[in-house]
Amino acid sequence: MSHENEKKYPTEEKRGRPLDLSRNKVILETTLELLAEKGYDLLTIDAVAIKAKVGKGTIYRRWSSKMELVIDAAMLTNPLEVSINKLNTNQDLRGQLIDLLSLLFMQDNKKYQKAMNAICNALNEQLDQGMRDAFYWSYRNMITSILQPYVKEYQLTDDDIELISDIGPALVMYNNLYSRNQSNNAQYIERIVDKLMMPIVLNKK
């Protein structure tokens, strides 16, 4: 997995008059809806423009390609971005990790799950890498923040943090690809933390 976050989303640094951010949100939400309905391959800029009631030029001034538009749409409702304040930092490490994974699996957002399924099912290497770069680093920063107070106590290394960081996104991707419906099971999330994540921490002490 790449450790170089080479591209920053969203792409707002364009020449000309300032962009209407409220219009951006409408376009991104529309993209997510159509992505969930049609899938990535059948999604078109034309369809997004019509449903969002904007011109194609309005979209292309903000995003240079369908891939960039889709990645931004996915990140718009990224649970780590919209629900960060739901994390209870007064909990112990196990509780914080469970809360974080619960956000990551987006148990209560079916539209987001369908859109992510569409992205995962698209045979597009560039899209896959773009999603990994955008999504992974958002999650990695959250994990690092949660683990930081425990680094000295448990002698955690960068490799340990990287391994713990990989577990969540890998299992989300697995569930999206194979639709095993385990992501709706709170006990499944607890097992991930207890069997995979916490042992990495506790075995260091």
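The values are calculated or read from the model by the stated rules, or taken from the named source; none is laboratory data. Being a predicted model, the structure only gives us computed values, none of them experimental. All accessible areas refer to the heavy atoms of the entire protein, side chains included, with ligands and DNA or RNA removed. Shrake-Rupley method; radii C 1.70, N 1.55, O 1.52, S 1.80 Å.
A 1.4 Å probe over all protein chains sorts 162, 153, 68 by accessible area into 153, 162, 68, starting with the largest. Per-residue SASA remark: residue 198, around 30 Å² accessible (1.4 Å probe; ligands, DNA and RNA not included). Among the listed pairs 38/195; 53/114; 110/195, a Cα-Cα separation exceeding 25 Å is found for 38/195; 110/195. A simple rule links phi to the HN-Hα coupling: the Karplus curve 6.51 cos²θ - 1.76 cosθ + 1.60 with θ = phi - 60°, which for the stretch 154-160 gives 9, 6, 6, 9, 4, 5, 5 Hz, with x for Gly and Pro. Converting phi to 3J(HN,Hα) with the Karplus coefficients 6.51, -1.76 and 1.60 and the offset θ = phi - 60°, the stretch 112-122 yields 5, 4, 5, 5, 5, 4, 5, 5, 5, 7, 6 Hz in sequence order, with x at every glycine or proline. In the complete set of protein chains, residue-level accessible area for residue 196 is approximately 80 Å², probe 1.4 angstrom. Note on exposure: 62, 191 ranked by accessible area (1.4 Å probe, complete protein assembly) read 191, 62, with the most exposed listed first.
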